[in-house]
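The values are calculated or read from the model by the stated rules, or taken from the named source; none is laboratory data. If you're wondering where the values come from, they're calculated on a predicted model, not measured in any experiment. Glycine gets a Cβ as well: all are built from the backbone with ideal geometry, and neighbour counts include every protein chain shown. To get the accessible areas, we keep the full protein, side chains included, count just its heavy atoms, and leave off ligands, DNA and RNA. Shrake-Rupley method; radii C 1.70, N 1.55, O 1.52, S 1.80 Å.
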Amino acid sequence: MTALEQLIEALKRLPGVGQKSAQRMAYHLLQHERQAMGQLAAALTAAGEQIGHCQRCHTFSETALCAICADAARDARLLCVVETPADQAVLERTGSYRGYYFVLLGRVSPLDGVGAREIGAAQLLQRAADGGVEEVILATSFTAEGEATAHVLGDALRARGIKATRLARGVPVGSELEYVDLGTIAHALSDRR
Ligand SMILES: [Zn+2]
């Protein structure tokens, strides 16, 4: 493969980027952003090396504990389960949640062989059982896979005597949390059951 082909292949790994867009990006970089190419390469390397996962909630973090887990002022009785760090960021932006989080490593997808084990259910159960958690809020997406994930985790939590609630309806069916407006999410959160 030529260097150009390698660049295009690498860009195609980004979400929503196909052959055409990858080509356009590659030509744009080469034509107009020679200097930025070095910065981009350095930033990618640094991010890959320095950003790991918080050992408590699994979100992206450059320190052993992320800023939220390290914040003792939050409400330790509440633990909110989300699918991705991006969903966690959305819930934070609503400003209406003061508990802690647990970030799954994906969502249940039986067709792809992704079950409870693959998304870190065991770690969640362990986290939910440790120190003062009174309620686990399942804030997975309202897609079929997000619903399946909430169902599997809810059953596992309840079987261990841990209260599990789900975001209220009102979030449109089929939506990824990331794209729902903040007011709707804040409402779904306060109206959970
Ligand atoms: Zn954390």
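How much of the accessible area of region 1-52, in percent, comes from carbon and sulfur atoms when a 1.4 Å probe is used? Each step should come with its number before you reach the end.
Details: 2330 of 4110 Å².
Carbon plus sulfur share of accessible area: 57 percent.
Which of Ala144, Gln6, Leu44 sits closest to the plus end of the dipole of the chain, meaning its Cα is farthest towards the positive end, when Lys and Arg get +1 and Asp and Glu get -1 on the C-beta?
Projecting each Cα onto the dipole axis, the largest value belongs to Ala144.
Looking at Cys57, Ala67, Pro110, which one has the Cα that reaches farthest to the positive end of the dipole of region 1-155 (charges on Cβ: Lys, Arg +1; Asp, Glu -1)?
Ala67
Measuring from label point to label point, each 7 Å out along Cα→Cβ, what is the Ala76 to Asp191 span in nm?
3.3 nm
Give me the dipole magnitude in Debye, nearest 20, for region 1-69 about the Cα centre, with unit charges on the beta carbon: positive for Lys and Arg, negative for Asp and Glu.
On the way: 6 positive and 5 negative charges, 44 e Å.
In debye, rounded to 20, region 1-69 gives about 220.
What does the convex hull of the Cα atoms come to per residue for the chain, in Å³? Spell out each step's value before the answer.
Working: hull volume 30.1 nm³, N = 193.
So the per-residue Cα hull volume is 156 Å³.
When the Cα centres of region 71-107 and region 110-185 are compared, how far apart do they sit, in Å?
Comparing the Cα centres of region 71-107 and region 110-185, I get a distance of 12 Å.
Note down the net charge around Ala122, summing +1 for each Lys or Arg and -1 for each Asp or Glu among other residues with Cβ under 15 Å from its Cβ. Write out the running numbers ahead of the final one.
Working: positive: Arg56, Arg117, Arg127, Arg160; negative: Glu118, Asp130, Asp155.
So the environment of Ala122 carries a net charge of +1.
How much accessible area per residue does region 28-173 have, counting only protein heavy atoms and a probe of 1.4 Å, in square angstrom? Spell out each step's value before the answer.
Working: 7680 Å² over 146 residues.
Roughly 53 Å² per residue, with all protein chains present.
Taking the Cα centre of region 116-193 as origin, sum charge times position over the Cβ atoms of Lys and Arg (+1) and Asp and Glu (-1), and report the length of that vector in debye to the nearest 20. List each step's numbers first, then the result.
On the way: 9 positive and 11 negative charges, 70 e Å.
Charge dipole, region 116-193, about its Cα centre: 340 debye, nearest 20.
How far apart, in nanometres, would the label points at Ala86 and Glu5 be if each is projected 7 angstrom from Cα along the Cα-to-Cβ direction?
So the two model labels end up 3.0 nm from each other.
Under 19 Å from the 7 Å Cα→Cβ point of Met37, by amide nitrogen: which residues of region 1-15?
Only 1-14 pass the distance filter.
Treat each spin label as a single point 7 Å out from the Cα along the C-beta direction, and report the Gln126 to Glu62 distance in nm.
2.7 nm
Could you order Asp112, Asp130, Asp181, Asp87 so the one with the most accessible surface comes first? Probe is 1.4 Å. Spell out each step's value before the answer.
Values: Asp112 115, Asp130 60, Asp181 90, Asp87 5 Å².
These residues rank, largest area first, as Asp112, Asp181, Asp130, Asp87.
List the residues whose amide H sits under 5 Å from the amide H of Ala164, counting only those 5 or more places along or on another chain, with H placed 1.01 Å from N in the peptide plane.
Long-range HN contacts for Ala164: Val136.
Could you give the size of the charge dipole of the chain about its Cα centre, using +1 on the Cβ of each K and R and -1 on the Cβ of each D and E, expressed in debye and rounded to the nearest 20?
Numbers: 20 positive and 22 negative charges, 53 e Å.
Dipole size: approximately 260 debye.
What do you get for the angle between helix 85-94 and the principal long axis of the chain? Use alpha-carbon atoms, 0 to 90 degrees, nearest ten.
The two axes meet at around 60 degrees.
If you wrap a convex hull around the alpha carbons of region 20-92, what volume per residue comes out, as a whole number of Å³? Before the final figure, lay out the partial values.
Numbers: hull volume 9.5 nm³, N = 73.
Dividing the Cα hull volume of region 20-92 by its residue count gives 131 Å³.
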